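Enquirer: One structure, pasted below without further comment.
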Amino acid sequence: MVMSFQFPAYFTAIFIITRVMSIMKISKPLDVHHKDIRAVDLATKLSVDPSAIESASRDFGGIVKAEPEAVLHPSAPQDIAALIKFSYSSSVPFGIAAKGHGHSARGQAMAENGVVVDMRSMANNRRNGTGIRVSIDRLYADVGGEQLWIDVLNATLEYGLAPVSWTDYLYLTVGGTLSNAGISGQTFRYGPQISNVLEMDVITGKADFLTCSPRMNSELFYAVLGGLGQFGIITRARIPLQPAPKGVKWVRLLYDDFSSFTKDQELLISKNGRKDKSALDYLEGSLLMDQGSPDNWRSSFFPHKDHPKIISLITKHGIIYCLEIVKHYDDRTKHTVDKEMKQVLQGLNYMPGFMFGKDVGYEEFLNRVRSGELKLKSQGLWDVPHPWLNLFIPKSQISDFNNGVFRGIVLERNITAGPVLVYPMNRQKWDDRMSAVIPDEEIFYTVGFLHSSGFDTWEAFEDQNKDIMRFCNKTGILVKQYLPHYSTKEEWVHHFGSKWKVFQHRKYQFDPRMLLSPGQRIFNNN
């Protein structure tokens with residue numbers, strides 16, 4: 001087989017492997033959780049196979065490519081700790097990136113000239129074969145950082161339980177979403193996924209293997225949550241559970257007026273107590289624009305007979321705003337949920353005659369994106385570039401954003417392909433001690449441009465993204481990027497704002513040699 005490495009890169013990889021072999025044979029036992037665990041022979045789990053390198057060089061975004069020198073396929077967290085210890089102790093350390101499902105969009109899970117840790121290789125090597133252990137009496141699940149949320153859902157539903165906060169797409173790893181925030185339509189009520197963690201096992205950039213929680217190693221706990229992988233690799237998270245509902249009442253409402261659309265959203269999220277039975281369980285908003293057939297929309301939610309009148313609305317107004325709400329029910333409440341949803345809808349200012357509803361199972365609703373994914377894969381339209389842009393916008397400036405971006409840049413360019421989400425969240429559901437950055441206002445909106453493009457057209461979407469950011473900067477919209485990507489230290493300092501000094505201090509504390517997540521380009525952007 002012909003090796004597809006450049007000459008220097010190949011020998012760097014061989015050097016890494018041979019050095020690891022040498023170090024492992026003479027090293028002292030690793031102290032992991034206060035247990036003497038002998039260092040494993042990493043050479044058997046490090047790969048320089050061209051297919052492994054190629055896979056680790058790409059992500060869902062399909063825009064950035066960065067080749068590592070090797071890929072680690074760990075069977076246990078101790079393998080990861082040993083690799084980090086080797087790099088940390090080396091006179092010439094190399095970068096290390098944890099990669100789960102590879103759903104990043106800008107190379108955040110890559111490690112050019114370093115080592116990518118394929119976290120998914122641990123999924124089938126846990127003692128119980130799944131890496132998910134459910135405690136029925138204490139209502140939590142201990143979950144491996146490499147586990148997909150869909151597997152967490154399936155495992156907990158077996159006991160009639162489930163987590164409360166989700167992402168729209170469930171084929172993401174637990175460690176990956178907790179390193180960012182983990183948001184969707186439940187966030188306004190239950191908070192992001194990082195607000196729903198009891199404790200974690202983390203391997204720091206110094207190869208320390210620590211259990212952390214709000215009361216134990218709390219500085220590390222808050223650093224890692226939303227920390228973009230900069231402080232440690234999550235190998236276990238304890239996720240709180242509650243009884244799972246059986247089904248959901250799922251409703252979509254259409255608006256032609258943005259002010260009415262946002263006022264109704266803000267009214268609905270004002271009821272957000274976890275125990276408030278009158279509160280909704282999910283709320284998201286999106287834009288409907290001229291994107292061809294209605295079959296290209298986020299799902300086949302709307303009855304086919306209503307497509308012509310919806311298309312007519314879009315043609316007339318350019319943009320129609322869609323409000324999507326859900327209320328859970330179980331065997332006890334299934335007979336009253338219709339009445340409760342009717343009360344929720346009273347007084348809302350959606351367009352008469354444009355309310356659409358359905359009942360579906362709880363699992364079907366949470367995994368609603370999967371059918372669209374499989375359809376796109378069958379058409380060869382899933383593994384394409386995704387020049388996404390995800391933003392947090394203060395409530396006070398969302399109208400300006402609508403006028404300048406949605407009705408300005410987006411309509412004028414007329415290239416948007418893929419969902420555009422816009423829905424509010426409550427700041428009180430976030431913990432400011434965590435690394436994640438959000439606007440200062442009590443209510444802020446998430447806006448997601450979830451583009452899909454051709455391999456030769458993604459730059460047009462990038463240009464639109466840059467136009468949007470320039471507009472925000474020019475007009476003083478205090479936007480924060482979610483899943484951020486910047487190229488200079490100055491941009492990162494501006495992004496973190498008042499949190500920058502704490503973020504930087506934590507980096508020196510937990511990863512002083514700047515080993516972890518180099519693909520984020522926060523501390524290695526020069």
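The values are calculated or read from the model by the stated rules, or taken from the named source; none is laboratory data. Please read these numbers as outputs of a predicted model, since none were measured by experiment. Counting neighbours? That spans all protein chains shown, and the Cβs are built from the backbone with ideal geometry, glycine included. Note: areas computed on protein heavy atoms with side chains; ligands, DNA, RNA excluded. Shrake-Rupley method; radii C 1.70, N 1.55, O 1.52, S 1.80 Å.
Enquirer: When the residues of region 312-330 are filtered to those that are touching a helix residue (DSSP H, G or I) at 6+ places or on another chain (Cβ under 7 Å) and over 20 Å from V360 (Cβ atoms), which remaining residue is surrounded by the most Cβ atoms within 10 Å (Cβ to Cβ)?
Expert: Per the criteria, the residue is Y321.
Yes/no matrix, rows are residues, columns are (1) acidic (D, E); (2) within 18 Å of E324 (Cα to Cα):
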residue	(1), (2)
P394	no, no
N403	no, no
G408	no, no
E412	yes, no
L421	no, yes
W430	no, no
P439	no, no
V447	no, yes
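Enquirer: Scan region 302-318 and tell me whether some residue there is among the polar types (S, T, N, Q) and closer than 30 Å to S435 by Cα.
Expert: no
Enquirer: Just checking, does region 199-220 include any residue being open to solvent by less than 10 Å² (accessible area, probe 1.4 Å), of a type outside the set (G, A, S) and not in a strand (DSSP E or B)?
Expert: yes
Enquirer: Now a separate question. Looking at region 331-360, which of its residues are open to solvent by 40 Å² or more (accessible area, probe 1.4 Å) and either among the basic types (K, R) or in contact with a helix residue (DSSP H, G or I) (Cβ under 9 Å, 6 or more places away or on another chain) (or both)?
Expert: R332, K334, K339, K342, G347, N349, Y350, G353, M355, G357, K358, D359
Enquirer: Only residues that are out of contact with any helix residue (DSSP H, G or I) (no Cβ under 8 Å at 6 or more places or on another chain) and either at positive phi or of a type in the set (S, T, N, Q) (or both): list them for region 189-239, please.
Expert: T211, N217, S218 - these are the residues of region 189-239 that are out of contact with any helix residue (DSSP H, G or I) (no Cβ under 8 Å at 6 or more places or on another chain) and either at positive phi or of a type in the set (S, T, N, Q) (or both).
Enquirer: Inspect all residues belonging to region 466-484 and state whether any of them is at pLDDT below 95, within 21 Å of D59 (Cα to Cα) and part of a loop (DSSP other than H, G, I, E, B). Can you show your working first?
Expert: Of region 466-484, the ones at pLDDT below 95 are none.
There is no residue in region 466-484 that is at pLDDT below 95, within 21 Å of D59 (Cα to Cα) and part of a loop (DSSP other than H, G, I, E, B).
Enquirer: Looking only at strands (runs of 3 or more DSSP E) that lie completely in region 388-461, which have at least 2 residues being in contact with a strand residue (DSSP E or B) (Cβ under 6 Å, 6 or more places away or on another chain) and either within 18 Å of H495 (Cβ to Cβ) or of a type in the set (K, R) (or both)?
Expert: Hits in region 388-461: 389-394, 443-449.
Enquirer: Which members of region 426-447 meet the condition of being in contact with a Gly (Cβ under 9 Å, 6 or more places away or on another chain), buried (at least 21 other Cβ atoms within 10 Å of the Cβ) and under 15 Å from L283 (Cα atoms)?
Expert: Residue satisfying the conditions is Y445 alone.
Enquirer: Go through (1) surrounded by fewer than 18 Cβ atoms within 10 Å (Cβ to Cβ); (2) modelled with pLDDT of 90 or more for G292 and report which single condition fails.
Expert: Failed condition: (2).
Enquirer: Kindly list the number of the only condition in (1) open to solvent by 20 Å² or more (accessible area, probe 1.4 Å); (2) over 18 Å from the mean Cα position of the chain (by Cα) that fails for Q464.
Expert: Status for Q464: all satisfied but (1).
Enquirer: A further question follows. Can you pull out the residues in region 479-493 that are surrounded by 15 or more Cβ atoms within 10 Å (Cβ to Cβ) and either of a type in the set (G, A, S) or free of Cβ contacts under 8 Å to residues at least 60 places away in the same chain (or both)?
Expert: First, pick out the residues of region 479-493 that are surrounded by 15 or more Cβ atoms within 10 Å (Cβ to Cβ): 479-486, 489, 491-493.
The answer is Y486, K489, E491, W492, V493.
Enquirer: So, one more: Among the residues of region 494-523, write down those that are assigned to a helix (DSSP H, G or I) and either assigned by the TED database to the domain that holds I438 or open to solvent by 50 Å² or more (accessible area, probe 1.4 Å) (or both). Before you say what the answer is, go through the steps one by one.
Expert: From region 494-523, those assigned to a helix (DSSP H, G or I) are 494-510, 518-520; that's our starting set.
Passing the criteria: H494, S498, K501, V502, H505, Y508, Q509.
Enquirer: Same structure, new question: Among I183, I132, I194, which is within 25 Å of Q78 (Cα to Cα), touching a residue at least 40 places away in the same chain (Cβ under 8 Å) and crowded, with 18+ Cβ neighbours inside 10 Å? Talk me through it step by step, then tell me what you get.
Expert: On the way: I183 fails: within 25 Å of Q78 (Cα to Cα); I132 fails: touching a residue at least 40 places away in the same chain (Cβ under 8 Å).
So the residue among I183, I132, I194 that is within 25 Å of Q78 (Cα to Cα), touching a residue at least 40 places away in the same chain (Cβ under 8 Å) and crowded, with 18+ Cβ neighbours inside 10 Å is I194.
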